[in-house]
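Following: one structure in structure tokens, then a few remarks.
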Amino acid sequence: MVTLTCCHPTISYRPIRPSDLEILEQIHGDIFPISWIYRYESEFFQNVVHGRGIVAWAAVDHSRDDGKSDELIGFVTARVVLAKDSEIVDLLNYNSAESEWSLVYILTLGVIDSYRNLGIASSLILEVIKYASSIPTCQAVYLHVISYNIPAMHLYKKMSFKCIRRLPGFYLIDSKHYDAYLFVYFVKACRSPCSLLDLVTVVMRYIRMGFQSITAKLWNDERKVGRWSRCKEAHSLI
């Protein structure tokens, strides 16, 4: 447990380094459920600290006076994936002409207890977004959130991520299945297509408008049928 030594800690962010290996493993063990640790074996942490297929940032508190001013107090790990091989390819209006399109998937994000509610997680997410925005082919940043992690969902919504889907039984923890929510942040001009709910809503609106128009014409020939509005970006669960 780390005790804050300053009312206003001086937090900075840097890439994770090989020297962070031990504390990175420790924090993962403290933050994530014990049965999840098996998902992150030694090879995962080695890949993180050596940048082998994974990009990662650390948060450190330079105001600490315990000789650990460069020790991790928070982290985020992510990797680049090809859009055509991802589970959200259907959200990107993807076609074979964009075979080089890529995405950034957030693997893990965590801040130790004594440094929470200081905006550190938000800043770490911004590092990922800035990185994704620097990749010309990158279309989106995405991740999964377990259904009971309400604070995380509020955080991502605040960061302009869109909750796109609910995935039943996505996580298995202590022999129990938990749903997950899929969150996506669309980079640059990329936008998702309509969700099924949005499509049904628009169709129903169109039908309703048609009935209203027919009724109006019976009473007043000057009324015209409204045009069907274009479907907007998906905001609801599918």
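The values are calculated or read from the model by the stated rules, or taken from the named source; none is laboratory data. Everything numeric in this text was worked out from a predicted model, so none of it was measured. Cβ atoms come from the backbone with ideal geometry, glycine included; neighbour counts cover every protein chain shown. Just so you know, the surface numbers come from the protein's heavy atoms only, side chains and all, with ligands and any DNA or RNA stripped out. Shrake-Rupley method; radii C 1.70, N 1.55, O 1.52, S 1.80 Å.
Things to note:
- Taking Lys and Arg as +1 and Asp and Glu as -1, the other residues whose beta-carbon sits under 15 Å from that of LEU118 total +1.
- Only protein heavy atoms count here; on that basis, with a 1.4 Å probe, HIS144 has an accessible area of about 20 Å².
- Expressed as a whole percent, the accessible area of the stretch 28-149 that falls on carbon and sulfur atoms is 48 (1.4 Å probe).
- Förster-model FRET efficiency, 35 Å R0, ILE31 and GLU100, C-beta, rounded to 0.05: 0.50
- The length gained on full extension between ASP113 and GLU43, counted as 0.36 nm times the residue separation minus their Cα-Cα distance, comes to 22.6 nm.
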